[in-house]
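Take a look at the structure set out below.
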Amino acid sequence: MTDHDDLIEVAHRTINPHRAGDRLFGDVAAALETTTGAIHTGVCIDTGSGTGFCAEHAAVASMVTSGEYAIARIVAVWRDDRDRLTVLAPCGRCREFIRQIDPSNLDTSIVLGHGRVAPLRDLLPEWEWPEPELPRPRSTP
C-alpha cells in the first residue's frame, strides 16, 4: 500500500454513476484531505450546456462549505465498464481553481497514480502574474 492508496480508495467508493439521457453524472469522483486532516469528496456533473463541473470542483466546494481552504492532497478517479480504476490528473481548469482557493495550495500534493504524486506548482507552469515588459529602446533613423 502506498501513502495515498487510502485517498484513492475514498474517491473510488464515491463514484456513483447516473445516466440522464445522453449524459453521465458521477462517473468521476475526487477526494481531498485538508491540512487539518478532514476528508471531502465530490463527483463530476456533465451537462450539455457547459455548466457542469469536475469532481475536484465538487470536493473543493464541500471543503469551502465547511470553512476550510488549504488542501494537503487531492485525487480524482474514474472506473471503466470492466471495473478498472484509473487515477486522473486534474485538468487545467481544476489546477487553476485549486490554486485560486488558497495560496498555500500551490504545495498541494496531486496524486497522479499509485506511488506517483507531484506538487500543484509543478503542474501549473507560469502561475505567477508576470512583470511588466521594459520599454524597448527606439531606434534612431
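The values are calculated or read from the model by the stated rules, or taken from the named source; none is laboratory data. Values in this document were obtained by computation on a predicted structure and should not be read as measured data. Here the Cβ positions follow ideal geometry from the backbone for every residue, glycine too, while neighbour counts run over all protein chains shown. Heads up: the accessible areas ignore ligands, DNA and RNA and are worked out on the full protein's heavy atoms, side chains in. Shrake-Rupley method; radii C 1.70, N 1.55, O 1.52, S 1.80 Å.
Within segment 53-95, being at pLDDT 95 or above, surrounded by fewer than 20 Cβ atoms within 10 Å (Cβ to Cβ) and of a type in the set (Asp, Glu) holds for one residue alone: Glu68.
For segment 105-128, state whether one or more residues are in a loop (DSSP other than H, G, I, E, B), in contact with a strand residue (DSSP E or B) (Cβ under 9 Å, 6 or more places away or on another chain) and either of a type outside the set (Lys, Arg) or surrounded by 10 or more Cβ atoms within 10 Å (Cβ to Cβ) (or both). Checked against the condition, which is being in a loop (DSSP other than H, G, I, E, B), in contact with a strand residue (DSSP E or B) (Cβ under 9 Å, 6 or more places away or on another chain) and either of a type outside the set (Lys, Arg) or surrounded by 10 or more Cβ atoms within 10 Å (Cβ to Cβ) (or both), segment 105-128 yields at least one hit. If you check Glu128 against the conditions, is it under 12 Å from the mean Cα position of the chain (by Cα) and among the acidic types (Asp, Glu)? Judged against the criteria, Glu128 is not a match. For segment 26-47, does any single residue satisfy the condition of being at pLDDT below 95 and open to solvent by 50 Å² or more (accessible area, probe 1.4 Å)? Yes, segment 26-47 contains a residue that is at pLDDT below 95 and open to solvent by 50 Å² or more (accessible area, probe 1.4 Å). Applying a threshold of 7 Å to beta carbon distances and a minimum spacing of six or more residues, or different chains, the list of pairs starting in segment 10-23 at a residue that is of a type in the set (A, V, I, L, M, F, W, C) and ending at one that is in a loop (DSSP other than H, G, I, E, B) reads Ile15/Gly26; Ile15/Asp27.
Sub-7 Å Cβ pairs linking a first residue in segment 26-45 that is farther than 25 Å from Asp81 by Cα to a second residue that is charged (D, E, K, R) and open to solvent by 40 Å² or more (accessible area, probe 1.4 Å), at least 6 apart or interchain, are Ile39/Glu33, ordered by first then second residue. Within segment 5-24, restricting attention to residues that are in contact with a Gly (Cβ under 8 Å, 6 or more places away or on another chain) and under 18 Å from Val75 (Cα atoms), which residue is surrounded by the fewest Cβ atoms within 10 Å (Cβ to Cβ)? Ranking the candidates gives Asn16 first.
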